[in-house]
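Okay, structure first, notes after.
What follows draws every value from the coordinates through simple rules; no lab data is involved. Because the structure is predicted, anything quoted here is derived from the model rather than measured. Every residue, glycine among them, receives a Cβ derived from its backbone with ideal geometry; neighbour counts consider all protein chains shown.
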Amino acid sequence: MMANNAVQSRLLDQLPIVRGRYNQNVVLADVTWFRVGGPADVVFRPADRDDLVHFLVNKPAEVPILVMGVGSNLLVRDGGVAGVVIRLGKGFAQVGTEGDVINAGAGALDVNVAMMARMSGAAGLEFLSGIPGTIGGALRMNAGAYEAEIKDVLIEAEAVTLAGEVKRLTVDEMEFGYRHCGVPEDWIFTSARLQCQPGRVEDITTQINAIRAARTSSQPVRARTGGSTFANPADSDKKAWELVDAAGCRGLVRGGAMVSEQHCNFLINTGEATAADLEALGEEVRRRVIEASGITLHWEIRRVGRYDANPSEVTQGGDT
């Protein structure tokens, strides 16, 4: 532990002075929905976009960074995350209205954006109430639910490059695909402008309540989970959960990890799981699906960090 503290102190000494906040040795299991994972060497919470730009321009090039939202679709490995984890807090969580347009910071919760639109009588963002994440995460993976995706409502997104350059991107420039956008992985989304249509508050409320009820009845929303584990395959007319179920994986257990009985495209930490348990269980599910159907499932959950405390074993979430 003393060696780790020394490494983190040396890292902190290399980082620029900021208006936001640095914290060392932050246990990420406390903030991810799975409630697993090792510590981040340093967590940086920028005060605002200018503070983020200042940090990116002045940090050493060799220091790796990882942007983390609320940890709802993230599996942090047991060895933790090397370098700096950037968390966009209050300075990026504002939500405002401009006629039928919603302006949202990348740190704003999807559900809060949906509720702000509802209060303004702006329809079209109800689907966001069914996505447990932030607007930044929704932009990064073209998040969607209940027959709608972020690409359907996006007017413009703002991002900051690793060199600190501010970019404004149209829908076409985002290069959206299914659970994918083509913007470079190291660009950090900071805000979005979303298009709505005039609606009745009563009708919007009814739709949001219906989405909430559908989620509660079909997904393990009160469990320690990370949302949909695998993306629906493009080369099959079956959804991921159907393939998992057909391969006999519903209820499958590995250590403290389990495939949800309620919705078998969800992995659950039953209480004592490690990140290794969850990832190994996911890989076993993928193996069984290939064996049963010949179809390869791809992880929708992002897996990041070190498998153990060895700094040489750092990866940032491949889709294999």
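Some notes on this structure:
- Rounded if a/c under 1.5, otherwise prolate or oblate - segment 39-82, Cα gyration tensor axes: oblate
- Between the amide H of Thr134 and those of Val70, Asp110, distances stay under 5 Å, these residues lying 5 or more places away or on another chain, with hydrogens modeled in the peptide plane.
- Across segment 68-77, rounded Karplus estimates of 3J(HN,Hα) from the backbone phi angles (6.51 cos²θ - 1.76 cosθ + 1.60, θ = phi - 60°) give 10, x, 8, x, 7, 10, 9, 10, 8, 5 Hz, Gly and Pro being marked x.
- All other residues whose Cβ lies under 15 angstrom from that of Gly20 are scored, Lys and Arg at +1 and Asp and Glu at -1, for a net of +4.
- 3J(HN,Hα) from dihedral phi, segment 229-242, Karplus parametrisation 6.51/-1.76/1.60, rounded to Hz, x for glycine, proline: 7, 10, 6, 5, x, 6, 9, 8, 8, 9, 7, 4, 5, 5
- Computed over segment 50-148, the Cα gyration tensor eigenvalues convert (square root of 5λ each) into semi-axes of 29, 17, 9 Å, ordered from largest to smallest.
- Total charge dipole magnitude, the chain, about the Cα centre, Cβ charges on Lys, Arg, Asp, Glu only, Debye to nearest 20: 740
- Judged by the mean number of other Cβ atoms found within 10 Å, the most tightly packed of the peptides 10-16, 63-69, 136-142 leads the ranking 136-142, 63-69, 10-16.
- Compactness index (Cα Rg / 2.2 N^0.38 Å), the chain: 1.00
- Ranking of Glu175, Glu62, Glu202 by neighbouring Cβ atoms within 10 Å, starting from the fewest: Glu62, Glu202, Glu175.
- In a reduced charge model with +1 at each Lys and Arg Cβ and -1 at each Asp and Glu Cβ, segment 228-300 shows a dipole moment near 100 debye about its Cα centre.
- Shape call, segment 228-300: gyration tensor on alpha carbons, a/c limit 1.5: prolate
- Kirkwood Rh, angstrom, segment 93-217 [1 / mean 1/r, Cα pairs]: 14.4
- Estimated dipole of segment 2-90 in Debye, rounded to 20 [Cβ of Lys and Arg +1, of Asp and Glu -1, Cα centre]: 200
- Glu62 versus Asp13: modelled label distance in nm, points set 7 Å from Cα along the beta carbon direction: 1.4
- Oblate is the label for segment 2-90. Its Cα gyration tensor axes, ordered a ≥ b ≥ c, give a/c of at least 1.5 and b/c at or above a/b.
- The residues neighbouring Gly107, those whose beta-carbon lies less than 12 Å from its own, together hold a net charge of +2 under the Lys/Arg +1, Asp/Glu -1 convention.
- Our coupling estimate for segment 299-305, obtained by passing each phi through the Karplus curve with A = 6.51, B = -1.76, C = 1.60 and θ = phi - 60°, is 4, 8, 5, 7, 10, 9, x Hz, Gly and Pro reported as x.
- With K and R counted +1 and D and E -1, the other residues having a Cβ less than 15 Å from that of Pro198 yield a net charge of -3.
- Close Lys pairs in the chain (alpha-carbon distance under 30 Å; sequence gap of 8 or more, or different chains): 7.
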